[in-house]
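Below is one structure, written out as structure tokens; the observations come after it.
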Amino acid sequence: MPPIPKETRERELYRLFEVGLVLKGIDGAVEIILGILLLFTNVTDIVQAFVANELIEDPDDFFARHAQHLMNVTPHAQFIGALYLLSHGLAKTFLSAGILRGKLWAYPAGAAFFSIFAVYEIIRAIGTHSLLLFAAFCFDALVIALIVYEYRRITRRGNRG
């Protein structure tokens, strides 16, 4: 466990750092669960059941119309999606846990890993004009900055873990 700062500003940043990493870890766990579900379910059947009922009730339903493209997912694409979610979720959870436990190696590894996906998010956000992706990028950029800040704070003080 890394040392908790004594100054108020430092404590507040540390608290934000912890909350961000806990959220990253939870997100990673959700990705693992979704990846496992993708391995053992058929997305087309699930989406078809959902979309059919919604479209009967309201043919102009926004979500149902946009979910229809998921009905054409091939088994290969679903498998690749499952592998992506599993690997990304495992890495996120593992790195977040390592950082929260104060493992010095996890700070640069986590910052690098999260940065790679943040670059991907911002490129996709610009290309698709997705506010959700832009928000995810902003959150990730904040967490990365806090990881780097905390790593520098720990190594400056000579606290090696």
Inset, instruction - Taking 7 Å along the Cα-to-C-beta vector as the label spot, tell me the Ala49-Thr155 distance in nanometres, rounded to one decimal. - result: 5.1
Inset, instruction - Please work out the average accessible area per residue across the chain, using the 1.4 Å probe convention, and give it in Å². - result: 63
Inset, instruction - Note the angle between two axes, namely the Cα long axis of helix 106-128 and the longest principal axis of the Cα atoms of the chain, as a number of degrees from 0 to 90, rounded to the nearest 10. - result: 40
Legend entry - Label point distance in nm, Ala29-Phe62, each placed 7 Å from Cα along Cα→Cβ: 3.1
Inset, instruction - Quantify, in whole percent, the carbon and sulfur part of the accessible surface of the chain (1.4 Å probe; protein heavy atoms only). - result: 69
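The values are calculated or read from the model by the stated rules, or taken from the named source; none is laboratory data. Computed from a prediction, not measured in an experiment: that's the story for all the values here. Note that each Cβ is placed from the backbone with ideal geometry, even for glycine, and that neighbours are counted across all protein chains shown. Each accessible area value is taken on the protein alone, full model and side chains, heavy atoms only, with ligands, DNA and RNA left out. Shrake-Rupley method; radii C 1.70, N 1.55, O 1.52, S 1.80 Å.
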